[in-house]
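Chemist: The structure that follows is given in the form of structure tokens.
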Amino acid sequence: MSERTRALRSDAERTVRTILEAAERVFAEDPAASMEQIAEAAGVARTTVHRRFASRDALLEALAAVAAREFAAAVDAAHPETTPPLVALYQVTVNVLRVKRQWPFALDLTGPEGGEPDCAHAEVEQRCDHLLRRAQESGVVRADADLAWAKWIFYALIGVAARIRECEPDVAATRVVDTLLCGVGTGQGLIRTGSQPGQ
């Protein structure tokens, strides 16, 4: 590949990235925004957007795909299968928080079943299941904990933390993992399954 070809490809990739980042910002404010509004926010001509994306649906599909790829890469970068479980829980959390704060609109998009976003999210869920099992086996998570419940609580905590922009990702990740593993109570008056308060 010639230097000129590489430069043209790099320039095209930067343009696509600029358009997608602008689309994220604009759609987050107005999901019904037009391609013209995206072009204006990206600082490019409307024809440039249409040349890169044949339709609004194509732009939305590309937006969902790039966010899903970065979401999967964030989990992968934490090496959840090999890193000690407690460290992996923290690193997955901080990495995912960064992606969720960058692509909040795109990560909520649902693509076609079996498409790239669908596959990426399914793979991340499997890896989360595996990480929580490792955490349980290592004693980080209680032996009697319901891992399916723990996973949904983990997801919910990350979702809330992603919206609290005043808290830096590393601080938010520490709080998410601490809340997941320890909660915010003292342990007094704990309600066990099948019991009622005061029993």
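Values in this text are rule-based calculations from the coordinates and carry no lab data. Owing to the predicted nature of the structure, the values given are computational and were not obtained by experimental measurement. Methodologically, a virtual Cβ is constructed for each residue, glycine included, from the backbone with ideal geometry; neighbour enumeration extends over all protein chains shown.
Chemist: Any chance you could list the semi-axes, whole Å, largest first, of the equivalent ellipsoid that the Cα gyration tensor gives for segment 45-125, using √(5λ)? Let's see the in-between values first.
Modeler: On the way: eigenvalues 171, 34, 16 Å².
In descending order the semi-axes read 29, 13, 9 Å.
Chemist: Here's another thing I want to ask about it. With a 10 Å Cβ neighbour count serving as the proxy for reagent exposure, in which order, fewest first, do Lys151, Lys100 appear?
Modeler: Going from sparsest to densest Cβ surroundings: Lys151, Lys100.
Chemist: Residue separation times 0.36 nm, minus the C-alpha to C-alpha distance between Lys151 and Asp108: what's the value? Don't skip to the answer; put the middle values down first.
Modeler: Working: separation 43, 0.36 × 43 = 15.48 nm, distance 1.82 nm.
Gain on extension, Lys151 to Asp108, equals 13.7 nm.
Chemist: What are the radius of gyration and Dmax of the chain, computed over its Cα atoms and given in Å?
Modeler: 20.6, 76
Chemist: Right, something else. Give me a comma-separated list of calculated 3J(HN,Hα) values for segment 19-27, in order, Karplus coefficients 6.51, -1.76, 1.60 applied at θ = phi - 60°, integers in Hz, x for any Gly or Pro.
Modeler: Once rounded to whole Hz, the list reads 5, 5, 5, 5, 4, 4, 5, 5, 5.
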